[in-house]
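J.: Following this message is one structure expressed as structure tokens.
Just so you know, all these numbers are worked out from the coordinates, no wet-lab data involved. Predicted model, so just to flag it, every value in this text is computed and none were measured. Counting neighbours? That spans all protein chains shown, and the Cβs are built from the backbone with ideal geometry, glycine included.
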Amino acid sequence: MLRSVAVTAVVAMLAFAPLAFGSDSGEKYGHFKGKASETLSEAVSNFSEYNAKLGTVLDGEVNENAIHEVHELTYTLENALAKINEELAALAEKLEELHQASEKHDRESVIRHGRDYLEVSRQIVK
């Protein structure tokens, strides 16, 4: 299970890599920092907010200015997605600990690992 989460994280990060470059003409855009995502909560919030912004841009006329705006938005999206992927990899480990504890019928560990797991997972799914 942990392997599939890691593979998903890598694929997701690679999916955004082409957006860091300009048009087919080889032109490169300037680089932006993007909004930081220091915590999972910030990352989920930024991901949601900037996906909505991206949707709004794509729903309009996708001219040169819009493409530039998309480029800027992707920096924050990449930051958020990287943090989400990092946190989900750690969450997969917590889930595996919970799974192992349940196999052993270790009540105290089930409670402890289950609460740890839910504390993080509830930040993603509400």
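J.: Between Arg107 and Glu86, what FRET efficiency comes out of the Förster formula 1/(1 + (r/R0)^6) with R0 = 25 Å and r the beta carbon distance, rounded to 0.05?
T.: Once rounded, the FRET efficiency stands at 0.25.
J.: List the residues, sorted by chain then number, that are 5 or more residues from Ala36 or on another chain and whose placed amide H is less than 5 Å from its amide H.
T.: none
J.: Report, in listed order, any pair from Lys53/Lys83; Lys83/Lys104; Lys35/Lys94 with a Cα-Cα distance greater than 26 Å.
T.: Details: Lys53/Lys83 19 Å; Lys83/Lys104 32 Å; Lys35/Lys94 28 Å.
Result: Lys83/Lys104; Lys35/Lys94 exceed 26 Å.
J.: For Phe32 paired with Asn63, estimate the spin-label separation in nm (one decimal), with each label point 7 Å from Cα along the Cα-to-Cβ line.
T.: 1.8 nm
J.: What spacing in nm lies between the two simple spin-label points modelled at Gln100 and Glu49, each 7 Å away from Cα in the Cβ direction?
T.: The two pseudo-label positions are separated by 3.8 nm.
J.: Working out 0.36 nm times the residue gap between Val70 and Val125, then minus their Cα-Cα distance, what length gain in nm do you get to one decimal?
T.: Going from the current span to full extension adds 17.2 nm.
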